[in-house]
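S.K.: Sharing a structure below in structure tokens format, with a few things to ask.
Computed from the coordinates by the stated procedures, all read-outs in this text should not be read as laboratory data. Just so it is clear, the model here is predicted, and its values are computed rather than measured. No Cβ is skipped: glycine too gets one built from the backbone with ideal geometry, and neighbour counts run over all protein chains shown.
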Amino acid sequence: MSWAIAIWAGALALAAAALAVTRDSVVHALLLLLGALVALAAAFFALAAPFAGAIQLLIYAGAVVAVFVFVVMTVEAGAAARARERALFAGAWQLPAAVAALALVPMLLRLGGAGAGAPAPAGAAALGRLMFGDWAVVTELLSLLLIAGMIGVRVLRRRQKGGRP
Amino acid sequence: MLAYLLLLVPTPPLAGFVLLALDPYRLDRRAVRAAALVAGCAPLVVMAPMALAHLTKFWGDQIAPIFTLHVGNYEVALAVGLDTLSAVTALTVTFVSACVLIYALDYMSGARNADLRRFFALMNLFQAGMLSMVLAADSITFFLGWELMGLCSFFLISYNMTSPRAFAAGQKAFVITRIADAALLAGLLLLFLEAGSVRLAELIPAGAALDTARGPLIAALLLVGAMGKSAQFPFHTWLPTAMAGPTPVSALLHSATMVAAGAVLLARFAPVLAANDSVAAATAVAGVVTALFGAASAVAQTDVKRLLAYSSISQIGYMLVAVGVGVPAVAMAHFVVHALFKSLLFMASGVLAHAGAGGTSIAALRGTARRAPISFAAFAAGAASLAGLPLVTAGWWSKEAILASAFEAGWLGLGVWAVGLTAAALTAVYAFRPVFTALRAPETETPRGRESWLAVGPLVVLAVLALAGGLGVKPLTELLGGHPPHPALWVELAGAAAALLGIAGSAAVTFLPALAGRVARARRLRAGLQMDARYYALLVRPYRRFVRRLSGGRGEWVTRVVAPGRGTEGVERELEGAVRHARQPEGATSDPVGQATVVLGLWVWRALLLPFSPDRMDMAWMQGARGIGRAAERARRLQTGRVRDYALALALGLAALLLIGWGMTWR
Amino acid sequence: MTGVSVLLAIAAGLFAAGLFGVLARRTILMQLISLEIMLAGPALAFVAAGAHHGMVEGTAMFLIVLALAAAEVALGLAIYLQLRRDAGDGDADAARRLRG
């Protein structure tokens, strides 16, 4: 694989993302997000990181978006909702755009530099050795984070069931 | 490390004071009494083993540093320590105060104005102060305890707040001791400058080694401090009036412990005194003059508490004599014995006064021997000890040791001995007057009263010690590093004769109407040579006259200063109120010092503040103050509560950080 | 510009797009989608840098970002549902009880 394919895929993802954040309809935004995530997965495959790509597809494009879809199903759709959404968005987008650009510019300014050659492959076996070897503590912390998230969700939902405390 | 146990001695009373004074739980009377008892007796429990271990040479001198600060050449080192002197005095103080507190539990319950919480809180605070003074190993802790005692003395004399007499007595005691304390403070500070340290272990040798004119000055200042606290002539006037306080207070503070602290001070600084012959001689003379004067005044008293007060003055005079003739060990032995029998006398007289016709006059004691026999026996034992009944009482041994030491101390000592002997005879006269009066048949027959064991228990213990303690005088003197005197036989016989003669005289004064009448007429002697009136004529009246002249007769000068109007009515009104307050209703200037401050304040106000009051500067200030309020109102609006706005701020911060990062690596 | 530089620029662009979305949108659901995009930017940057340097740590960091995103989505959606129940609609600006 090569840098070129990755760049094309990345550009696609960027375009999808830019569209996603400006859509009126949540469903459209979600579909564009899915597109961006799949494009990123393609970029990962192109960057010789097939494991990352597969995970991206499975968890991000699969599980995360699926969860979103479940929630979006509860949101009313239709012309009225889209009009309200547009009204909410149209109010003030200039300042956020300026701030985002302000944050983007210094990041781009630091780019550039030497380096060439094909992307180096990152195998799943090496990744496994790293994650469960040197970075074992980090992995454990991640699992802790996920458990905390899970408990948090559980607590939030329970409050709903029992009514307001 | 064991030395730090010493800190546990003053701590329980202090904790008791804090508990009772802050009173977080609205304690009931039972709880107050329990807390006071525990806090009051705990020091004895802690102190007794330590003191005994030290006195039996099992435990050496201890020192427990608390806090040390080096400033240049000077060293501030707070510490408590245990040596023989502090062991003996602390043991005495803890023991006597435990006895008095147990007695007070019963006595104060029946008192008319029984705010037990305040009473016991102050008693405990006093204990803490006295114990930290006694155990102090540096002059700061020493002085702190010393002043704490003075403060408690004031509060406890004025304990009965509804009585103007008690209040005036407390004020008098406070002011007079303060005058002497200023001298003590000056002495201690001069000593500190010489020694460069506040540790007594360095102060005292440095003071003794001084050969400049400062040596006698320091010694004299210390002597004045001790005389003030110990109510020695001419500072004695506060002690008899201090008897307005409750009887347990008189028993603990104004006889046994606090008043005798002057003797402890002099015994502590005895090397400094001994290095200055003239001051030592002055100490002995002052002591013996006070002893004679106190004894003579006591003979003329009609009130038993005032009699005992003069007796305290006189007995502490003896201690000063002992320090003056160079035997502080003997002085401390007398301190211990005096503490025992004098607290006993006070407490027993309290019980007898309750049992009698009421009131503390000697005449009212008639017949109380039959109504309260145990207390009377205890009182008689104390009186015998005070009078120095030969051989069988502790008082005789210690007083005899003092007189014999004086006898052996050169030609001046001979004179001191002669006067002291006269005073001893007078002591016996006044000591037995209440005893004989109590033995007389009462005018009206009343049944035997109830004697609470809580009150009588301490009396019995103290009575036994007041009699049998004589056996301990000689060992105690030796322990304290003194040599018991070995006078000629006739000297001792003279002492014994003086006491016996005095008792006979006492009987004569009590039972012979002619003599009793003469005593009753000795008004001038009764009033302590009317020193109060003399002080008033010499010091107070001229000062008042001076102030009155300054203030223009009736104080109008003060009010003339006030310029009315000019937009500052509020302040003026307030100040005028202060002026009115400082002026007596009838126009006499009663509080010149307070008036002076008001005048000064008015002057400052007019000269410095009035010209500026409503001008631009003020307005600028107020504008600034209002501006802060407005700015706060505006800043408050930044907190929109909207997540997006906070995220915006975060993003701005991120952008700024990125820009800074880029700028720092820019080439 | 080498390949990795372009990819990093794209990653920065993703991040900025997501940031814009978070700041500009008022619907919580849209903000959450934008957050996902924000997180996708660094993920791409990590993987690209890992490929450039031939180090597996890039992919490992991607996994960490992934776990973070998963937890964030779960909690974010739970909070969204809660807010919708309380405030009626999904307007993030309606939840402003912390206002000063």
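S.K.: When you check B:Ser405 against the structure, is it in contact (Cβ under 8 Å) with a residue 40 or more places away in the chain, part of a helix (DSSP H, G or I) and under 18 Å from B:Ala468 (Cα atoms), yes or no?
M.R.: Numbers: in contact (Cβ under 8 Å) with a residue 40 or more places away in the chain: yes; part of a helix (DSSP H, G or I): yes; under 18 Å from B:Ala468 (Cα atoms): no.
Taking the combined requirement at face value, the residue does not satisfy it.
S.K.: Scan segment B:167-207 for residues that are farther than 23 Å from B:Leu122 by Cα and of a type in the set (Gly, Ala, Ser) and jot them down.
M.R.: Scanning segment B:167-207 gives B:Ala182, B:Ala183, B:Ala186, B:Gly187, B:Ala195, B:Gly196, B:Ser197, B:Ala201, B:Ala206, B:Gly207.
S.K.: If A:Leu111 satisfies all but one of (1) at the interface with chain C (Cβ under 9 Å from one of its Cβ atoms); (2) in a helix (DSSP H, G or I); (3) touching a helix residue (DSSP H, G or I) at 6+ places or on another chain (Cβ under 9 Å), what's the number of the condition it fails?
M.R.: Among (1) at the interface with chain C (Cβ under 9 Å from one of its Cβ atoms); (2) in a helix (DSSP H, G or I); (3) touching a helix residue (DSSP H, G or I) at 6+ places or on another chain (Cβ under 9 Å), A:Leu111 violates only (2).
S.K.: For the structure I just gave you, tell me whether A:Ala42 is under 19 Å from A:Ala120 (Cα atoms) and more than 8 Å from chain C (Cβ to nearest Cβ). Write out each step before concluding.
M.R.: Numbers: under 19 Å from A:Ala120 (Cα atoms): yes; more than 8 Å from chain C (Cβ to nearest Cβ): yes.
Here the answer is yes, as A:Ala42 does meet what is asked.
S.K.: Return the pairs, sorted by first residue and then second, in which the second residue is outside any helix (DSSP H, G or I), the first residue lies in segment B:467-490 and is among the β-branched types (Val, Ile, Thr), the beta carbons are less than 7 Å apart, and the residues are 6+ apart or on different chains.
M.R.: B:Thr477/B:Pro484
S.K.: Mind checking whether some residue in segment A:26-41 is buried (at least 21 other Cβ atoms within 10 Å of the Cβ) and among the β-branched types (Val, Ile, Thr)?
M.R.: yes
S.K.: Let me ask something else. Is it the case, given these coordinates, that A:Ala4 is within 25 Å of A:Ala83 (Cβ to Cβ) and facing chain C (nearest Cβ under 10 Å)?
M.R.: No.
S.K.: On the basis of being within 15 Å of the chain's Cα centre (by Cα) and within 7 Å of another protein chain (Cβ to nearest Cβ), does C:Ala51 make the cut? Lay out the reasoning, then the answer.
M.R.: Working: within 15 Å of the chain's Cα centre (by Cα): no; within 7 Å of another protein chain (Cβ to nearest Cβ): yes.
The answer is no for C:Ala51.
S.K.: In the list B:Ala377, B:Ala364, which residue meets the criterion of being free of Cβ contacts under 8 Å to residues at least 60 places away in the same chain, surrounded by fewer than 24 Cβ atoms within 10 Å (Cβ to Cβ) and in a helix (DSSP H, G or I)? Steps first, please.
M.R.: Numbers: B:Ala377 fails: free of Cβ contacts under 8 Å to residues at least 60 places away in the same chain.
Going through B:Ala377, B:Ala364 in turn, the sole match is B:Ala364.
S.K.: For segment B:117-144, give me each residue that is crowded, with 22+ Cβ neighbours inside 10 Å, of a type outside the set (A, V, I, L, M) and in a helix (DSSP H, G or I). Break it down stepwise before answering.
M.R.: Initially, segment B:117-144 is screened for residues crowded, with 22+ Cβ neighbours inside 10 Å, giving B:119-139, B:141-142.
Subset that is of a type outside the set (A, V, I, L, M): B:119-120, B:124, B:126-127, B:129, B:132, B:138-139, B:141-142.
Within segment B:117-144, B:Phe119, B:Phe120, B:Asn124, B:Phe126, B:Gln127, B:Gly129, B:Ser132, B:Ser139, B:Thr141, B:Phe142 meet the criteria.
S.K.: A further question on this structure: Between B:Leu185, B:Leu191, which is buried (at least 23 other Cβ atoms within 10 Å of the Cβ) and out of contact with any Pro (no Cβ under 9 Å at 6 or more places or on another chain)?
M.R.: B:Leu191
S.K.: If I filter segment C:82-97 down to residues being within 7 Å of another protein chain (Cβ to nearest Cβ) and part of a helix (DSSP H, G or I), which single residue comes out as surrounded by the fewest Cβ atoms within 10 Å (Cβ to Cβ)?
M.R.: Only one residue tops the list, namely C:Arg85.
S.K.: Another question, then. So which helices (runs of 4 or more DSSP H) are wholly in segment A:1-82 and hold at least 3 residues that are within 14 Å of the chain's Cα centre (by Cα) and either more than 25 Å from C:Phe46 (Cβ to Cβ) or not aliphatic (A, V, I, L, M) (or both)?
M.R.: Once the helices (runs of 4 or more DSSP H) in segment A:1-82 are filtered for at least 3 residues that are within 14 Å of the chain's Cα centre (by Cα) and either more than 25 Å from C:Phe46 (Cβ to Cβ) or not aliphatic (A, V, I, L, M) (or both), what remains is A:26-46.
S.K.: Does any residue in segment C:60-72 that is touching a residue at least 12 places away in the same chain (Cβ under 8 Å) and more than 19 Å from C:Ala48 (Cα to Cα) come within less than 8 Å, Cβ to Cβ, of a residue that is small (Gly, Ala, Ser) and surrounded by fewer than 21 Cβ atoms within 10 Å (Cβ to Cβ) six or more places away or on a different chain, and which pairs are these?
M.R.: Taking only residues 6 or more apart or on different chains, the pairs are C:Glu72/A:Gly149.
S.K.: Right, something else. With respect to C:Ile64, is the statement that it is farther than 26 Å from A:Ala9 by Cβ and either at the interface with another protein chain (Cβ under 7 Å from one of its Cβ atoms) or in a helix (DSSP H, G or I) (or both) true?
M.R.: Values: farther than 26 Å from A:Ala9 by Cβ: no; either at the interface with another protein chain (Cβ under 7 Å from one of its Cβ atoms) or in a helix (DSSP H, G or I) (or both): yes.
Answer is no for this residue.
S.K.: Let me spell it out: the conditions are (1) over 30 Å from C:Glu57 (Cα atoms); (2) facing chain C (nearest Cβ under 9 Å); (3) not aromatic (Phe, Trp, Tyr), and A:Gln56 meets all of them except one. Which number is the exception?
M.R.: (1)
S.K.: Suppose the filter is in a helix (DSSP H, G or I), within 7 Å of chain A (Cβ to nearest Cβ), without any contact (Cβ under 8 Å) to a residue 60 or more places away in the chain and in contact with an Asp or Glu (Cβ under 7 Å, 6 or more places away or on another chain); does C:Gly21 pass it? Give the steps one after another, and end with the answer.
M.R.: Values: in a helix (DSSP H, G or I): yes; within 7 Å of chain A (Cβ to nearest Cβ): yes; without any contact (Cβ under 8 Å) to a residue 60 or more places away in the chain: yes; in contact with an Asp or Glu (Cβ under 7 Å, 6 or more places away or on another chain): no.
In short, no.
S.K.: Please determine whether any residue of segment C:36-48 is surrounded by fewer than 24 Cβ atoms within 10 Å (Cβ to Cβ), within 7 Å of another protein chain (Cβ to nearest Cβ) and outside any loop (DSSP other than H, G, I, E, B).
M.R.: Scanning segment C:36-48 turns up no residue that is surrounded by fewer than 24 Cβ atoms within 10 Å (Cβ to Cβ), within 7 Å of another protein chain (Cβ to nearest Cβ) and outside any loop (DSSP other than H, G, I, E, B).
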